[in-house]
Amino acid sequence: QVQVVESGGGLVQPGGSLRLSCAASIWHFSIYAMEWHRQAPGKQRELVARISSGGQTNYGDSVKGRFTISRDNAKKLVYLQMDSLKSEDTAVYYCHAEKGATDYWGQGTQVTVSS
């Protein structure tokens, strides 16, 4: 049974930092591209960051220079380091594993940026 489980969400003040983790019990995890998406209330889900199987990274325009995605293939973990957080970063953050037509989603973790 494949499981994708996010953790690390919570309440943080504007300007603060948070690190999200995603544990993915996927066979051959290293060949999957891993992504973080987010969905704010009343808005569509959007891609935040992506890391390919080869380690290439891409970011959404709204988070470039503030967020960093990384992966640890040995531990089957993906991280999202979020710095200089803004109120508009408030959303449920989802981890997504993708390889061609095969993909898996986690249940999400809430991030709230508020003073």
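The values are calculated or read from the model by the stated rules, or taken from the named source; none is laboratory data. All values reported here derive from a predicted model rather than from experimental measurement. Positions of Cβ are backbone-derived with ideal geometry, glycine not excepted, and every protein chain shown enters the neighbour counts. Accessible surface is based on the protein model in full, side chains and every heavy atom, while ligands, DNA and RNA are left aside. Shrake-Rupley method; radii C 1.70, N 1.55, O 1.52, S 1.80 Å.
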*Which net charge results when you count Lys and Arg as +1 and Asp and Glu as -1 among the other residues whose beta-carbon is under 12 Å from that of V2?*
+1
*Determine how large the accessible area of I31 is when every protein chain is in place; take a 1.4 Å probe and give Å² rounded to the nearest 10.*
90 Å²
*Using the Karplus equation 6.51 cos²θ - 1.76 cosθ + 1.60 (θ = phi - 60°), what ³J(HN,Hα) coupling, rounded to whole Hz, does each residue of region 87-94 give in order, writing x for Gly and Pro?*
4, 6, 7, 4, 4, 8, 9, 10
*asked:* Can you return the lysines within cross-link range of K64? Criterion is Cα-Cα under 17 Å, with same-chain partners fewer than 8 residues away left out.
replied: K86
*Could you grab the relative contact order for region 72-114? Cα pairs under 8 Å, six or more apart, rounded to a whole percent.*
38 percent
_How are the alpha carbon pair distances in the chain distributed across 5 Å bins from zero to the largest one, expressed in percent?_
2, 13, 25, 26, 19, 10, 5, 1, 0
*How much of the accessible area of the chain, probe 1.4 Å, is carbon plus sulfur, in whole percent?*
46 percent
*Any chance you could look up the accessible area of K76 with a 1.4 Å probe, heavy atoms only, rounded to 10 Å²?*
70 Å²
*Per residue, in Å², the accessible surface of region 1-86 once ligands and nucleic acids are set aside, probe 1.4 Å*: 55 Å²
*Once the piece of chain linking E98 and Q81 is laid out straight, how much longer is it, given 0.36 nm per residue of separation minus the C-alpha distance between them?*
4.1 nm
*Using a 1.4 angstrom probe on the protein heavy atoms only, line up R19, R38, R45, R50 by accessible area, largest first.*
R19, R45, R50, R38
